[in-house]
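Student: The structure that follows is given in the form of structure tokens.
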Amino acid sequence: MEIKAETRKETRIAVISIIVEDPETAQMINSLLHQYREYIIGRMGLPYPAKNISVISVAVDGPMDCISALSGKLGAIPGVSAKTVYSKK
């Protein structure tokens, strides 16, 4: 059975880069990532004790509006910066 084009959303591959400067925000970050788990391909977190920060990369495959929403919500958390890079396809 073929799905009509108007009923399926086009997805994009993206990477959301997150810098965490406040370790107390970990629960909020994980809660958001859990809410968007259906779009997450994988994630990698690296603590960097020398600067007292953590760096997280999250690979996603989803509609652009969902990816943008997740990135925006992450970046709105105090002590957290988030930027997204999208694939060209």
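The values are calculated or read from the model by the stated rules, or taken from the named source; none is laboratory data. In this text the structure is predicted, and so the values were computed from the model without any measurement. In case anyone asks, the SASA skips ligands and DNA or RNA and just uses the protein heavy atoms, side chains included. Shrake-Rupley method; radii C 1.70, N 1.55, O 1.52, S 1.80 Å.
Student: Convert each backbone phi in segment 62-77 into a coupling constant with the Karplus relation 6.51 cos²θ - 1.76 cosθ + 1.60 (shift: θ = phi - 60°), then list the ³J(HN,Hα) values in order as whole Hz, x for Gly and Pro.
Tutor: With coefficients 6.51, -1.76 and 1.60, one gets x, x, 4, 5, 5, 5, 4, 4, 4, 4, x, 5, 5, x, 7, 6 Hz.
Student: Below 21 Å Cα-Cα, how many Lys pairs turn up in the chain? Only count pairs eight or more apart in sequence, or on different chains, if you could.
Tutor: Close lysine pairs under the 21 Å cut-off: 5.
Student: Just how much of Arg43 is accessible, in Å², when a 1.4 Å probe is used and the result is rounded to the nearest 10?
Tutor: That residue has around 130 Å² of solvent-accessible surface.
Student: Each residue of segment 24-39 in order: what ³J(HN,Hα) in whole Hz does its phi give by Karplus 6.51 cos²θ - 1.76 cosθ + 1.60, θ = phi - 60°, with x for Gly and Pro?
Tutor: With the stated coefficients, segment 24-39 comes to 5, 8, 3, 5, 5, 5, 5, 5, 5, 4, 5, 4, 9, 4, 5, 9 Hz.
Student: A further question follows. Hey, what number do you get for the chain at 222 nm if only DSSP H runs of n ≥ 4 count, each worth -39500 (n - 2.57), divided across all residues, to the nearest 500?
Tutor: Result for the chain: -7500 deg cm²/dmol, rounded to the nearest 500.
Student: Continuing with the same structure: Only Cα pairs under 8 Å and at least 6 apart count here; give the relative contact order of segment 8-59 as a rounded whole percent.
Tutor: 49
Student: Let me ask something additional. Please work out which option in [x] 5.5; [y] 6.6; [z] 6.1 gives mean projected area of the Cα convex hull in nm² calculated from these coordinates, and answer with its label.
Tutor: [y]
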